[in-house]
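Here's the structure, in structure tokens; my notes come after.
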């Protein structure tokens, strides 16, 4: 078995926090329609030690922070217009810190496509299951008479699909 340098191992473990925390966010959103602030803050902040360990320079790190800030600003407008939930906005912004501007278009496309598939699935399932679930069923909230979509699931899928495009992954593999 090949030896792995401690810096590479630390970088890999920090990078793995990105998909793991996205999965936790998706599960929480699916179960409770809630994505906690602590999780979003942790996801955003873990980008910085990951960037440091893989050797990203200050300029690249600043651009990644700029991507997160830009997504947060646009997301806040969508939140005010009642088009996106607050937790979803914060999760998108935290994930954008990881994608940076270079992978942001791909990330947003993957999120939009995943969200569309999720919304269509929920529309169909809600129509098929209308009046068939008891109000006490654990599935009643997800498949009942609601227009809500646990968009954290789509954001997580977008993040998973974008993972190979992340600067951090490329830097880690190149070193």
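Kindly establish whether residue 35 is touching a helix residue (DSSP H, G or I) at 6+ places or on another chain (Cβ under 9 Å), modelled with pLDDT of 95 or more and not in a helix (DSSP H, G or I). Yes.
Considering only the stretch 145-163, state which residues are in a loop (DSSP other than H, G, I, E, B) and over 16 Å from residue 87 (Cα atoms).
Residues of the stretch 145-163 that are in a loop (DSSP other than H, G, I, E, B), as a first pass: 145-151.
The answer is 145, 146, 147.
With respect to residue 70, is the statement that it is buried (at least 17 other Cβ atoms within 10 Å of the Cβ), modelled with pLDDT of 95 or more and either in a helix (DSSP H, G or I) or under 12 Å from the mean Cα position of the chain (by Cα) (or both) true? The answer is no for residue 70.
Only one of the numbered conditions (1) within 24 Å of residue 172 (Cβ to Cβ); (2) under 13 Å from the mean Cα position of the chain (by Cα) is not met by residue 29, and that is (1).
The values are calculated or read from the model by the stated rules, or taken from the named source; none is laboratory data. Everything numeric in this text was worked out from a predicted model, so none of it was measured. Note that we place each Cβ from the backbone using ideal geometry, even for glycine, and neighbour counts take in every protein chain shown.
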